[in-house]
1. Among the numbered criteria (1) farther than 15 Å from residue 97 by Cα; (2) surrounded by 13 or more Cβ atoms within 10 Å (Cβ to Cβ), which one does residue 43 miss?
2. Going by what's in this entry, would residue 73 be described as touching a strand residue (DSSP E or B) at 6+ places or on another chain (Cβ under 7 Å), within 19 Å of residue 27 (Cα to Cα) and in contact (Cβ under 8 Å) with a residue 12 or more places away in the chain?
3. Among 53, 80, which is the only one that is surrounded by 11 or more Cβ atoms within 10 Å (Cβ to Cβ), part of a helix (DSSP H, G or I), touching a strand residue (DSSP E or B) at 6+ places or on another chain (Cβ under 9 Å) and at pLDDT 90 or above?
4. Do the conditions hold for residue 89, that is, is it loosely packed, with under 15 Cβ neighbours inside 10 Å and on the phi > 0 side of the Ramachandran plot?
C-alpha cells in the first residue's frame with residue numbers, strides 16, 4: 001500500500017483556509033460564524049429567539065420569533081450594527097432588517 005505524502009510542508013492554517021474556501025463548506029461555516037457573532041453581540045438570552053440569520057447586499061436579515069423583542073431591537077439598530085461590525089472586524093453591515 002502506497003503512503004501519501006506532501007513534497008513540502010504546509011501549515012495547519014493554510015490547510016484550514018483551503019478547506020474553508022471550498023464552495024460546499026463555505027455557506028455552512030458562514031452560518032455558524034454569523035450565529036456565534038450574533039450571540040456575542042446581543043447576548044445568549046436574546047439570541048435564543050433568533051430563528052435564522054443571513055447577510056445579503058450589506059444587509060443583516062434576522063428572523064426573530066418574539067414580536068416584542070423585535071420591536072425593542074429595532075430601537076437600537078445603529079448600536080447593533082456598530083457592535084456587529086466591531087465584532088467581525090469590518091464595516092460590511094450597513095442595515096438590519098428584522099423579519
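The values are calculated or read from the model by the stated rules, or taken from the named source; none is laboratory data. Since we're looking at a predicted model, the values are computed, not measured. Note that each Cβ is placed from the backbone with ideal geometry, even for glycine, and that neighbours are counted across all protein chains shown.
1. Looking at each condition in turn, residue 43 falls short on (2).
2. No.
3. Among 53, 80, only 80 is surrounded by 11 or more Cβ atoms within 10 Å (Cβ to Cβ), part of a helix (DSSP H, G or I), touching a strand residue (DSSP E or B) at 6+ places or on another chain (Cβ under 9 Å) and at pLDDT 90 or above.
4. Taking the combined requirement at face value, the residue satisfies it.
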